[in-house]
Amino acid sequence: FFKFSDCIIVNSKIFKKKIDSIFNVKSVCIYNPLNQKEILKKCRIKISRNFFRINKSLRLINVARFTDQKNHLLLLESLRDIKHKLNFELLLIGYGPNKKIINNFIKKNNLSNRIKVLNYDDNPYKYIKQSDVFILTSNFEGLPNVLLEALCLKKIIISTNCPTGPSEILMNGKYGLLTKLNDRNNLSRVILNVGRSKRNYQKLANRGFKSLSRFS
């Protein structure tokens, strides 16, 4: 179908390089739109229940479909490994075929008091606002809007350095933390570091917020 088109549009520069090389085309990169005003408006809507209840915990959040692509088990295994080293809470928001697998893992590893699973909400911003850290553990992406939305709310970001998008959004670690694919020990160490020095990592998020004009 490419040969019949006048223009091929992709949503990240890294994706553009790959597709141009593989298919010998000249695509155009147009970033996904980011409506900061709408995000800031919706994040102010009050939630009837506070899902982060442990005093002085590191408040983590992940918003993603419950599928293999999003690799929730990597996140859950990493947190299981450090549950006796760090006071944390995690809120998972989404839907999909892996929900039962996720719930079974939480129950089997006695993490129910630390991890809550919510059905997808079309306004995740009110939950992200309550958190300290947004975590993405995907195996692959296009240009993950949810990282842009988290930066809009000045949240610390931890993301796998998956193809494509996270390294481009976070400028190779300048605006957030990138971890190795499928490396739970690496992810555990990064989460521990953030938990022990959250204020220092907040500076990355603040810089990332100022960079969002790239996606206006």
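For the stretch 1-57: of the residues being of a type in the set (Phe, Trp, Tyr) and loosely packed, with under 10 Cβ neighbours inside 10 Å, which is farthest from Glu149 (Cα to Cα)?
Step by step, filter the stretch 1-57, then rank; the result is Phe4.
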Thr164 fails exactly one of (1) modelled with pLDDT under 95; (2) part of a helix (DSSP H, G or I); (3) buried (at least 17 other Cβ atoms within 10 Å of the Cβ), namely (2)
Boolean, Asn98 is open to solvent by less than 60 Å² (accessible area, probe 1.4 Å), in contact (Cβ under 8 Å) with a residue 60 or more places away in the chain, closer than 22 Å to Asn145 by Cβ and not basic (Lys, Arg): no
Specify which of the listed residues (Asp68, Asp132) is under 16 Å from the mean Cα position of the chain (by Cα), among the acidic types (Asp, Glu) and buried (at least 20 other Cβ atoms within 10 Å of the Cβ). Asp132
Write out, first by first residue and then by second, each pair whose Cβ atoms fall under 7 Å of each other, whose residues are 6+ apart or on separate chains, and whose first residue, in the stretch 178-189, is surrounded by fewer than 17 Cβ atoms within 10 Å (Cβ to Cβ) while the second is at pLDDT 95 or above and assigned to a helix (DSSP H, G or I). Lys180/Asn186; Asn182/Leu74
I'd like the full set of residues that are in contact with a Lys or Arg (Cβ under 8 Å, 6 or more places away or on another chain) and closer than 23 Å to Asp122 by Cβ, limited to the stretch 63-88. Ala64, Phe66
Out of (1) without any contact (Cβ under 8 Å) to a residue 60 or more places away in the chain; (2) assigned to a loop (DSSP other than H, G, I, E, B), what's the single condition that is false for Ile45? (1)
If you go through Val63, Val117, the only one that is touching a Pro at 6+ places or on another chain (Cβ under 6 Å) and either in contact (Cβ under 8 Å) with a residue 24 or more places away in the chain or not charged (D, E, K, R) (or both) is Val63
Could you run through the stretch 101-120 and say how many residues are among the basic types (Lys, Arg) and open to solvent by less than 90 Å² (accessible area, probe 1.4 Å)? 2
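The values are calculated or read from the model by the stated rules, or taken from the named source; none is laboratory data. Bear in mind that the values here come from a model prediction, so they are computed numbers and not experimental data. Cβ coordinates were reconstructed from backbone atoms using ideal geometry, including for glycine residues, and neighbour counts include every protein chain displayed. Ligands, DNA and RNA are stripped out before the accessible areas are found, and what is left, the full protein with its side chains, is counted by its heavy atoms. Shrake-Rupley method; radii C 1.70, N 1.55, O 1.52, S 1.80 Å.
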